[in-house]
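Each value in this text was obtained by applying a stated rule to the coordinates, not by laboratory testing. Quick caveat, the model's predicted, so the values are computed rather than measured. No Cβ is skipped: glycine too gets one built from the backbone with ideal geometry, and neighbour counts run over all protein chains shown.
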Amino acid sequence: MSLENKVAYITGGTKGIGFGIAKALVNAGLKVAISGRKQEDVDKAKTELGSDNVLAIASNVVNYDDEKAAVAEIVANFGKLDIVIANAGVGKFAPIDQLSLEDWNVMIDTNLTGVFHTLKASVEQLKANKGYYISIASLAGTNFFANGAGYNASKFGVVGFTQAAMLDLREYGVKTTTIMPGSVTSNFNDHQPNDADGWKIQPEDLGQMVVDLLNLNPNVLPSKIEVRPTKTK
């Protein structure tokens, strides 16, 4: 895929992994739309990205109508949509007997149904432009752990959903990949990045991975990528 004049949309693009990907794509010369639940957050992220080729959109992926409106705004501003990165996600961790209905529902609605909403809203643009769809899952989508039942369920679902979508969409020339990171320095689950996070994958590393994926030969499709830190603390 030539990156010249390409338009990308990143959900959860205000911080962490999403912001790292947005920065990498802006630096690669793409037009980039980022979304988050609060307009002030996406406006702040746009300022930090420092480019006129960034569109800041308030959208909650839990609401399909928000995602439809986001895609319509992107097309209205940039003329098309080529690349979609479904990154928005939340994590709530507790033993299954203590996991609340609210926490279960917010993870499934955001991490799994939100990924579906983003693709459903953008799929016709992707088909028309032979685009690329990337979901950000997690190693928690293949490795279960204690206190992670809800999060595991949502991320196992993202992996399965994206792999099935890959089979559906490649007949239209749409490439589809799910990236499954391990420990990443980010604001996930209200974490504040600090010096102790230096051993982890950095958001900009995943941004570079996305750029590399987009630059691969069109005949090559890494449909599922597991990525870990080189070291363990």
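Please state the relative contact order of the chain as a whole percent: Cα pairs under 8 Å, 6+ residues apart? Rounded, it is 22 percent for the chain. Against the longest principal axis of the chain, how steep is helix 39-49, in degrees 0 to 90 to the nearest 10, with axes from Cα atoms? Its long axis makes an angle of about 70 degrees. In a reduced charge model with +1 at each Lys and Arg Cβ and -1 at each Asp and Glu Cβ, the chain shows a dipole moment near 520 debye about its Cα centre.
Using only alpha-carbon positions in the chain, the gyration tensor eigenvalues give semi-axes of 25, 19, 19 Å once each is multiplied by 5 and square-rooted (largest first). Distances between placed amide hydrogens fall under 5 Å for residue 55 paired with 32, 33, 34, all partners being 5 or more residues away or on another chain.
Of 69, 137, 22, the residue with the greatest mean-square motion in the GNM of the chain, using alpha carbon springs below 10 Å, is 69. Taking the longest Cα principal axis of the chain as reference, the axis of helix 64-78 is set at about 40 degrees.
Counted residue by residue at 0.36 nm each, then reduced by the alpha carbon distance between them, the extension gain from residue 80 to residue 127 reaches 15.8 nm. Computed FRET efficiency, Cβ-Cβ of residue 212 and residue 64, R0 35 Å: what is it to the nearest 0.05? After rounding to 0.05, the efficiency reads 0.65. Over all Cα atoms in segment 128-233, the spread is summed up by Rg and Dmax: 15.1, 45 Å. Once the chain from residue 96 to residue 120 is taken as fully extended at 0.36 nm per residue, the excess over their C-alpha distance is 5.5 nm.
Considering only 203, 181, 222, the Gaussian network model of the chain with Cα springs below 10 Å gives its largest mean-square fluctuation to 222. Since only 122, 30, 95 are under comparison, the one whose Cα sits farthest along the positive direction of the charge dipole of the chain, derived from C-beta charges on Lys, Arg, Asp and Glu, is 30. As a proxy for reagent exposure, ranking 136, 201 by other Cβ atoms within 10 Å from fewest up yields 201, 136.
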